[in-house]
Structures are given as structure tokens and as C-alpha cells.
Amino acid sequence: MSLGPIQVPRASDVLATTLREQILSGQFAQGEALPSERELIEYTQMSRTTVREALRMLESQGFVEMRTGRSGGPFARRPGSQAVEQSVRFAIQGEQTSETRLRETRQGVEPACAGLAAKYRTDEDLVRIDAATAAVDVAAASGSAEAFVLAKLEWHLAVSVASHNSLLIGFFKALATSIHEMADAGTLTDDLIAQTAAHHGPVVEAIRAQDVAAAESFMRSHIMADRHT
């Protein structure tokens, strides 16, 4: 048996991995300053180019925030829903996921968001959801299909945020954004807009009543019937 070429990790990858694990383990708290570029060079005996490459990598992944000024430098960040959204979007684009598959995934994610929203929602969440519901009604009455689709997107986002689950919020944002990019608002008639807007009320009331099963059921029915984000 012959061995293929052995892949030796780059020094910048090794440093980035080490710092990433320290941030995730809590060795560096959210917002805490990491060793400066000069300190990292001294500690690791790596070149300035290697250290900068590692920090740029972590910054692009959402683990490091680079601040400028006298108190600037690298600061630790713990990726939340934004990192999940970015990763899922990259996966969707890379796989060239079809609209059908996106909608199938959405049918699993959004009812879960609605159920958790019913379980964990706060008064502030209800204010946000009620405002989003009112905005949908205004958009529906405006006669603008594009305005209606955008208002609906904000309504679904308000429901997902009320779940207080960063993973589901990130998944929803990636799915909804991708589906919206594929959707054709021009196919929405006034009747379809009115029917779709009417589906929101039962979901909102179930969330308000903290009825988990009803919130999941109403959202599932809404997603099955809705062909537009």
C-alpha cells in the first residue's frame, strides 16, 4: 500500500484553531481583549504575516472583532445566530439547493420556532410580533406585492426571534433570505395576499396564549399553504 501526500496544516491555521478553541471554551470571554499582534508574535515565534492571517481568518468567521485606536486590537467574539445564518447560506449556495428543498426545510424549522416562541415569549416579543403583524396588514392594503413579501419576512423574523434559540433564528434567516431571493412577488394576487395575511392571526394568538401545540400547528398549516416568504 502506498501513502498519499501528507497534508501539513499551515501555521496560521494552527494558531487560528488554538485561539478559536480558547474563545469557545471561555478562556477568553465575550468582548475580552486577546493578546495583541505583537504579543502573539512573541508567544508563538510566528511571523507577523502568519499572525495577521490567523486573525483575519478568525475575524471572517466571527470569532474576533478587530478594533482600531489606542485601545484597539483583537477582541473575542462568540458567534451566534449570524454565524449560523452565514454557514447555512454558504451551504445553500454551494449545494445549489432547490426551492423545493428549501421549503421542505422551512416546514421543519418554522413550526419549531413558533412553538418555542409560545413557550418562551416575553412581553417585548409580543410587542414586536404585534407591530410586525400590523405592518403586514398595512402592506396588504397597499396593493404592493413586494412590500407585502418584505413585511411578511419581518413578521416571520419576529416570531423566530421570540423563540430565543440562536440556532433556529440563524437557520430561519438563511432559509427565508434564500427563498425570498427565489420568490416572484409578481405572482401574488390580491386574493392570495389577503388569504396569506389572515393566517397570521391564529399563530399570534397561540403564541400570546403560550399554547405550544397550537402555535406549531397553525404555523405548519401557514407554511404549507404559503408559496411566498
Across segment 189-216, the tally of residues that are of a type in the set (S, T, N, Q) and within 19 Å of T105 (Cβ to Cβ) stands at 0
**Q.** Residue check, P74 closer than 20 Å to S163 by Cα and either touching a helix residue (DSSP H, G or I) at 6+ places or on another chain (Cβ under 7 Å) or not small (G, A, S) (or both)
**A.** no
Note on E205: of the conditions (1) in contact (Cβ under 8 Å) with a residue 60 or more places away in the chain; (2) open to solvent by 60 Å² or more (accessible area, probe 1.4 Å), unmet is (1)
Exactly one of I129, I92 is in contact with a helix residue (DSSP H, G or I) (Cβ under 8 Å, 6 or more places away or on another chain) and closer than 18 Å to V203 by Cβ, and that one is I129
- Going by the conditions given, is Q86 among the polar types (S, T, N, Q) and on the phi > 0 side of the Ramachandran plot? no
Checked segment 200-217 for anything more than 20 Å from A139 (Cβ to Cβ) and either aliphatic (A, V, I, L, M) or part of a helix (DSSP H, G or I) (or both); matches are E205, A206, I207, R208, A209, V212, A213, A214, A215, E216, S217
Picking from L24, L15, L58, the residue that is closer than 30 Å to K173 by Cα and open to solvent by less than 40 Å² (accessible area, probe 1.4 Å) would be L58
Every listed condition ((1) open to solvent by 60 Å² or more (accessible area, probe 1.4 Å); (2) under 30 Å from the mean Cα position of the chain (by Cα)) holds for P35 save (1)
How many residues of segment 134-171 are of a type outside the set (D, E, K, R) and under 21 Å from the mean Cα position of the chain (by Cα)? The answer is 21
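The values are calculated or read from the model by the stated rules, or taken from the named source; none is laboratory data. All values reported here derive from a predicted model rather than from experimental measurement. Counting neighbours? That spans all protein chains shown, and the Cβs are built from the backbone with ideal geometry, glycine included. To get the accessible areas, we keep the full protein, side chains included, count just its heavy atoms, and leave off ligands, DNA and RNA. Shrake-Rupley method; radii C 1.70, N 1.55, O 1.52, S 1.80 Å.
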